[in-house]
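Notes follow the structure.
The values are calculated or read from the model by the stated rules, or taken from the named source; none is laboratory data. Predicted model only: the values in this text are computed from it and were never measured. When we count neighbours, we look across all protein chains shown, and the Cβ atoms used for this are built from the backbone with ideal geometry, even at glycine. Accessible surface areas use protein heavy atoms only, side chains included; no ligands, DNA or RNA. Shrake-Rupley method; radii C 1.70, N 1.55, O 1.52, S 1.80 Å.
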Amino acid sequence: MIKGVIFDLDGVLVSTDEMHYQAWKRLADQLGIFGFTRKDNERQRGVSRMASLEIVLEKTDRVYTEEEKVKLAEKKNDYYKELLQKLDDGAVLKGAKETLAKLREMGVLIGVGSVSKNTPMILEKTGLLPYIDKVSCGLDITKSKPDPEVFLVAAKKLGLPAEECLVVEDAAAGIQAAKAAGMKSLAVGPYYEKLGATYQAPGIYAVNDWKEMLG
Ligand code: B16
Ligand code: MG
């Protein structure tokens, strides 16, 4: 019996992918890396900030030290945070608020499990915070997805064992993390059919029967 649903943030509850892309593109342009495309950005879905930087740096022969890489990632985050200033509830994905409200009405606990260190700001600016019981994010963990840490921390904060949690994800790394945590998963988003999740739907708006998944 599922008693808690843990939602990934970017790509599941909110759409911030374009902002991530614009911020990485701005950094890439500055570094003289001009071949960074939206397709490359797709590979950054659900991937940590430092691992995302490596995807940008694949396009250059220049070798950066770890210290330089940290500075580059900070710079991208500054650009991203500038863009986040304009974030509002228009970025909330279709059906997200309704789903969270419905699940809560059904007595289900709501968690967020995101590797983003900007999670608190995003939840606040989009007005999602009141719908959520516990947040586990990049600020709580040392290992990114596909490591299960972010979901295990969420389950612990919700006071539930892993087998009583269902993860909702849009990224391959996230579905792998759910499996490694011993949790069932629902895949949503453009690649929902290819992620190997327990359940699949194009978006949370398309899920009619939560009861069936909750068991
Ligand atoms: P930040 P999620 C992930 O969020 C994004 O999908 C990914 O593109 C981003 O690199 C990562 O957060 C880190 O975000 O730079 O804000 O700490 O999908 O786990 O909600
Ligand atoms: Mg995601």
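Once the stretch 149-176 is narrowed to residues that are surrounded by 24 or more Cβ atoms within 10 Å (Cβ to Cβ) and without any contact (Cβ under 8 Å) to a residue 60 or more places away in the chain, the residue that is farthest from ligand 1 (Cβ to nearest atom) is Ile175. Screening Lys97 with (1) modelled with pLDDT of 95 or more; (2) within 16 Å of ligand 2 (Cβ to nearest atom) gives one miss only, at (2). Is one or more of the residues making up the stretch 80-100 in contact with a Leu (Cβ under 9 Å, 6 or more places away or on another chain), within 16 Å of ligand 1 (Cβ to nearest atom), open to solvent by 70 Å² or more (accessible area, probe 1.4 Å) and of a type in the set (D, E, K, R)? No. For beta carbons closer than 8 Å, sequence separation of 6+ or different chains, a first residue in the stretch 106-129 that is at positive phi and a second that is part of a strand (DSSP E or B), the qualifying pairs are Gly127/Val92. Among residues that are in contact with a Ser or Thr (Cβ under 8 Å, 6 or more places away or on another chain), surrounded by fewer than 19 Cβ atoms within 10 Å (Cβ to Cβ) and not small (Gly, Ala, Ser), Lys125 is not included. Being buried (at least 17 other Cβ atoms within 10 Å of the Cβ) and either in contact with a Lys or Arg (Cβ under 6 Å, 6 or more places away or on another chain) or of a type in the set (Val, Ile, Thr) (or both), is that true of even one residue in the stretch 191-200? No, the stretch 191-200 contains no residue that is buried (at least 17 other Cβ atoms within 10 Å of the Cβ) and either in contact with a Lys or Arg (Cβ under 6 Å, 6 or more places away or on another chain) or of a type in the set (Val, Ile, Thr) (or both). Scanning the stretch 177-190 for residues that are surrounded by fewer than 24 Cβ atoms within 10 Å (Cβ to Cβ) and hydroxyl-bearing (Ser, Thr, Tyr) yields no hits at all. The residue that is modelled with the highest pLDDT, among those in the stretch 27-42 that are surrounded by 14 or more Cβ atoms within 10 Å (Cβ to Cβ) and of a type in the set (D, E, K, R), is Asp40. Can you say whether Asp17 is surrounded by fewer than 19 Cβ atoms within 10 Å (Cβ to Cβ), closer than 29 Å to Gly203 by Cβ and touching a residue at least 12 places away in the same chain (Cβ under 8 Å), as far as the supplied structure shows? Yes. Of the residues making up the stretch 1-46, those that are within 13 Å of ligand 2 (Cβ to nearest atom) and at positive phi are Gly11, Gly46. Looking at the stretch 201-214, which of its residues are touching a strand residue (DSSP E or B) at 6+ places or on another chain (Cβ under 9 Å) and open to solvent by 60 Å² or more (accessible area, probe 1.4 Å)? Of everything in the stretch 201-214, just one residue is touching a strand residue (DSSP E or B) at 6+ places or on another chain (Cβ under 9 Å) and open to solvent by 60 Å² or more (accessible area, probe 1.4 Å), namely Glu212. Might you let me know whether the stretch 194-207 holds any residue that is at pLDDT 95 or above, farther than 13 Å from Asp8 by Cα, within 15 Å of ligand 1 (Cβ to nearest atom) and over 15 Å from the mean Cα position of the chain (by Cα)? Yes, there is a match, as at least one residue in the stretch 194-207 is at pLDDT 95 or above, farther than 13 Å from Asp8 by Cα, within 15 Å of ligand 1 (Cβ to nearest atom) and over 15 Å from the mean Cα position of the chain (by Cα).
Screening the candidates Ile55, Ile110, Ile33 for the property of being among the β-branched types (Val, Ile, Thr), under 19 Å from the mean Cα position of the chain (by Cα) and farther than 18 Å from Cys137 by Cβ yields one hit, Ile55.
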